[in-house]
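Chemist: The structure is given below, and queries will be raised subsequently.
The values are calculated or read from the model by the stated rules, or taken from the named source; none is laboratory data. Just so it is clear, the structure is predicted and the values come from calculations on it, not from any experiment. Reconstructed Cβ throughout: ideal geometry from the backbone, glycine too, with neighbour counts over all protein chains shown.
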């Protein structure tokens, strides 16, 4: 029986499931000359592997956001930022409504978007209570770590 390699998608998915099931924040495996390191960022699993350059931000569109909140320069607004590099999606699938729109009320556990990283779709929570006043990224846009996705006026 042939040994599975780290380039096997099923093997990587199994490792991610192992991390999720056991609440691991980091996993590094070395077998022969192959090595893989997986690290959990916030409440999301991301795999550290070869990363390619992604295009910069595009126009703002009704969409969804991600990650921990941080103070913004505009008024009393708080930015919901991306906890990882990936692709931003405003809805769970193309046929569904966006998780949130401008004017929507959000709470800390409200899912505001998903970010796809390494073919894993990660739900992003607002982590702040307030009203969405601006969506900073377009659906399907590549986002960087810590990039502002939404601006929220806190309650």
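Chemist: With the condition being more than 24 Å from residue 153 (Cβ to Cβ), at pLDDT below 90 and in contact with a strand residue (DSSP E or B) (Cβ under 9 Å, 6 or more places away or on another chain), I'd like the strands (runs of 3 or more DSSP E) fully within segment 20-116 carrying at least 1 qualifying residues.
Modeler: Ranges flagged: 26-31, 34-41, 44-48.
Chemist: Within segment 119-155, can you find the residues that are over 19 Å from residue 97 (Cβ atoms) and under 11 Å from the mean Cα position of the chain (by Cα)?
Modeler: 120, 122, 142, 143, 144, 145, 146, 147
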